[in-house]
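The values are calculated or read from the model by the stated rules, or taken from the named source; none is laboratory data. Fair warning: this is a prediction, and the values are worked out from it, not measured in the lab. With ideal geometry, Cβ positions are generated from the backbone for all residues, glycine too; neighbour counts draw on all protein chains shown. The protein model used for the area step is the full one, side chains on, heavy atoms only, and it has no ligands, DNA or RNA in it. Shrake-Rupley method; radii C 1.70, N 1.55, O 1.52, S 1.80 Å.
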Amino acid sequence: MKVFIIAGEMSGDKHGALLIRELQRLSPGAEVSGLGGELMHAAAPCVENWAEDAAVIGVVEVLKKYGWFRRRFLETLDRIVRESPEVLILVDYPGFNLRMAAYVRKKLPGVKIAYFISPQVWAWHRGRIPKMARILDLMMCIFPFEKPLFENAGLKTEFVGHPLVDDILAMRRSNIRESNLIGLFPGSRPREIERHFPVFLRTAAQLHHRHPEWKFEAAASHAALHRHMQAMARAAALPPQLLAVNMGNYHDLMDRASAALVASGTATLEAALHELPYALVYKVSWGTYLLGRLLVKIPFIGMVNILSGREVIKELIQRQFNEKTASDELERLMQEPRRNQVLAEMREAVAKLGHGGAATLAAQAVLSLCPQQPLMRA
């Protein structure tokens, strides 16, 4: 069986790699090619590593790279047509992948098209769901409320659970919370660091005067960001013993910290699975923010809040995100009853994400599209 898979962000690369390995385990000899990141390339060498260049956040930022994205789109479409796979798997990344699905459906009407990690069109454009039902053969969703939305449009849909459940359960360490430690998670992209980290630094400085016993630790995703964040901390003249900027396993920090500030994205759900009380922060260009306000049709951006249907996690967005609001919420999270209330409601929310095995269930769903394939026992 020939499979072409496309992921365009670091989180998609991780989930795509797990799916590739499960496909290879369940269907030995499967040929996998496509676009992804380092992990997908390691799992299948014919998957090109493009994620670092492709992972652009925000409408305005994407428009600035429009020429590059157009060239890569046409090159990829031509490659899919030439390789003529039995199955095309699209992992999240809806701006690129939904458009690719429509073009591939016209060029190769016989190919099976499966989508893993359904686009969050329920948040910004439910009217696209019927069109997706016409061009896709299978939707694999990771949130339980998504399944009826796609099924009601006539699209075969499987709720496979969230891949993060497996990841966090495998790495979590208990009983290592440090009562005076606050975690700072500004994001993994340079632009996110520029917008979030200065506010984090001012927040730490402000809280230091009120709670001198508190310590802060920030997580950097790679060496270049680590150096940059350290330089920003030195420029802010924070005492070295107040803030540590470390590179490496940020999951360890999520297990050790007692409260946190977390940039909107996958890390907010990871923090909830680590049972770390936090405030969600989010700051983008004003053009992107204003366009988002027009498009997004739901009251929250954090998945814990969406799953709960109420604001469990404080969302500090744009102007609401400043050192005063961040400091105030951290003080509440470090004390009862706010801390215990948030923990209880987070646990209730993440319990809806399934019990693990998302990659295996997704691989089985993909292989069901090609029943002639010989399968190993699951």
Practice item. Considering each of 183, 161 in turn, give the residue that is in contact with a Gly (Cβ under 7 Å, 6 or more places away or on another chain) and either without any contact (Cβ under 8 Å) to a residue 12 or more places away in the chain or outside any helix (DSSP H, G or I) (or both). Key: 161
Point to revise | Residues being exposed (fewer than 15 other Cβ atoms within 10 Å of the Cβ) and free of Cβ contacts under 8 Å to residues at least 40 places away in the same chain - total across the range 131-144 | key: 1
Exercise for review: Look through 366, 350 and report the one residue that is surrounded by 13 or more Cβ atoms within 10 Å (Cβ to Cβ), within 29 Å of residue 136 (Cβ to Cβ) and modelled with pLDDT of 95 or more.
Suggested key: 366
Check your understanding: Looking at the range 224-246, is at least one residue in contact (Cβ under 8 Å) with a residue 40 or more places away in the chain and among the basic types (Lys, Arg)?
Key -> no
Review point. If you scan the range 216-227, which residues turn out to be of a type outside the set (Gly, Ala, Ser) and either surrounded by fewer than 17 Cβ atoms within 10 Å (Cβ to Cβ) or touching a Phe, Trp or Tyr at 6+ places or on another chain (Cβ under 7 Å) (or both)?
Key: 222, 227
Check your understanding: If residue 179 passes every condition in (1) surrounded by fewer than 17 Cβ atoms within 10 Å (Cβ to Cβ); (2) among the small types (Gly, Ala, Ser); (3) within 19 Å of residue 264 (Cα to Cα) but one, which one does it miss?
Key -> (3)
**Study point:** residue 174 vs. criteria touching a residue at least 60 places away in the same chain (Cβ under 8 Å) and of a type in the set (S, T, N, Q)
**Key:** yes
Exercise for review: Answer with yes or no whether residue 92 is in contact with a helix residue (DSSP H, G or I) (Cβ under 8 Å, 6 or more places away or on another chain) and at positive phi.
Suggested key: yes
Check your understanding: Counting only residues that are in a helix (DSSP H, G or I) and touching an Asp or Glu at 6+ places or on another chain (Cβ under 7 Å), which one in the range 312-346 is farthest from residue 299 (Cα to Cα)?
Key -> 343
Exercise for review: Enumerate the helices (runs of 4 or more DSSP H) found wholly within the range 1-88, keeping only those where 1 or more residues are open to solvent by 60 Å² or more (accessible area, probe 1.4 Å), farther than 18 Å from residue 116 by Cβ and touching a strand residue (DSSP E or B) at 6+ places or on another chain (Cβ under 7 Å).
Suggested key: 38-43
Point to revise | Output for the range 234-249, where each listed residue is surrounded by fewer than 21 Cβ atoms within 10 Å (Cβ to Cβ) and not in a loop (DSSP other than H, G, I, E, B) | key: 234, 235, 244, 246, 247
Check your understanding: Given 113, 117, which one is surrounded by 18 or more Cβ atoms within 10 Å (Cβ to Cβ) and at pLDDT 95 or above?
Key -> 113
Review point. Does at least one position in the range 112-123 carry a residue that is within 21 Å of residue 3 (Cα to Cα), free of Cβ contacts under 8 Å to residues at least 40 places away in the same chain, touching a helix residue (DSSP H, G or I) at 6+ places or on another chain (Cβ under 8 Å) and β-branched (Val, Ile, Thr)?
Key: yes
Point to revise | Criterion: within 23 Å of residue 53 (Cβ to Cβ) and among the small types (Gly, Ala, Ser) - qualifying residue of 154, 161, 95, 127 | key: 95
